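Asker: Pasting in a structure now, in structure tokens, and then I'll have a few things to ask.
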Amino acid sequence: MLNVGWIQKVKSNLKGSLQDLKKLSKQFSKEQASQQKAKQTAAKQRQRIQSAVTDEDRKIFLASIRGTKRLASANRIESSAAPLNSREAEFFKQKRAQAEGRDILASERRRSHADTTAGRTLPAHAQASTRIEAAHASKLGQHLDDGAFLRNPDAADIIKKLRRGQWPVEASLDLHGANLDEAAERFDRFIHTCIEHGVRCVCIIHGQGFGSKDNKPVLRDAVRSWLRDFAAVTAYITAPENIGGAGAVIVLLQHK
């Protein structure tokens, strides 16, 4: 004879299995219903889109592509760019540097300026290069006694107009508290951005050097030197007292 306890245990297990099957069946039914609903929704959306396109729309589309032919997939020419020569490579290297707010040539000039202002003795070839560069720069503009600079000495009226405020200041850069490297990077980015966007007149605040070592106006001299190195700088003057005085410079840039 079968043990009564064993029979009850089997019945209990069967009952639990049936309950699990019912749960799985319900879950499966819900998933099927959800999928069916999603299909119906997608079908309605397709129908809505198709109904929105009228016969007139189809005629217009067919008329617009009349005379065209499908391109054969094999009708292609594989080509690759020719390698750049050294001159072109250097040109694009400079362009990328400018786009990133850097100027390789200006960086070299700043290093020479930093070495000079720091009191370090430059190598003979570097000293010669600096003298040649300074002589070349003097031919490209006129550094006036009152701290002004004019690229074309024959256009003296530009300085007068600049002092009268004929060109309003459109952008400004404050270099207060920046060291020479930080100021140089921000200066390059600012000037290049202004040139790219056609800004004509800007103000650069460099301070008077009261907080620098020995109270020397290192930034003032550096900023004005950098400005003279930019061919796009037409002129600059010391700012009026109400917008910085001796601690700032008003710069006129060329038109693009």
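Asker: Give me the distance in nm between label points sitting 7 Å out from Cα along the Cα-to-Cβ direction at Arg186 and Phe61, one decimal.
Answerer: 5.7
Asker: Could you list which residues have their amide H under 5 Å from that of Thr234, counting only those 5 or more apart in sequence or on another chain, with H placed in the peptide plane?
Answerer: Correct list: Leu252, Leu253, Gln254.
Asker: Next question, about the same structure. Simple spin-label model, 7 Å along Cα-to-Cβ: Gln208 to Arg70 in nm?
Answerer: 8.0
Asker: Turning to a different aspect of this structure: Starting from 0.36 nm per residue, how many nanometres of slack lie between Gln32 and Gln19 once their C-alpha separation is accounted for? Don't jump to the answer; show the numbers that get you there.
Answerer: Working: separation 13, 0.36 × 13 = 4.68 nm, distance 2.00 nm.
Using 0.36 nm per residue and subtracting the Cα-Cα distance, I get 2.7 nm.
Asker: For Glu196 and Ala42 in one chain, what is 0.36 nm times their gap in residues minus the Cα-Cα distance, to one decimal in nm?
Answerer: Working: separation 154, 0.36 × 154 = 55.44 nm, distance 5.00 nm.
Roughly 50.4 nm would be gained on extension.
Asker: Could you give each residue of segment 220-230 its phi-based ³J(HN,Hα) in whole Hz, using Karplus coefficients 6.51, -1.76, 1.60 with θ = phi - 60°, and x for Gly or Pro?
Answerer: Values per residue, Gly and Pro as x: 4, 5, 5, 4, 5, 5, 4, 4, 5, 6, 8 Hz.
Asker: Now for a different question. Tell me, what HN-Hα J-couplings in whole Hz come from the Karplus equation 6.51 cos²θ - 1.76 cosθ + 1.60 at θ = phi - 60° for each residue of segment 160-175, using x for Gly and Pro?
Answerer: So the Karplus estimates, Gly and Pro as x, are 4, 5, 5, 5, 7, x, 4, 9, x, 5, 9, 8, 9, 9, 9, 9 Hz.
Asker: Scan around Leu173 for amide H atoms under 5 Å from its own, H built in the peptide plane at 1.01 Å from N, and keep only partners 5 or more places away or cross-chain.
Answerer: Cys203, Ile204, Ile205
Here, each number is a calculation from the coordinates, and none is a lab measurement. Computed from a predicted structure; not experimentally measured. Counting neighbours? That spans all protein chains shown, and the Cβs are built from the backbone with ideal geometry, glycine included.
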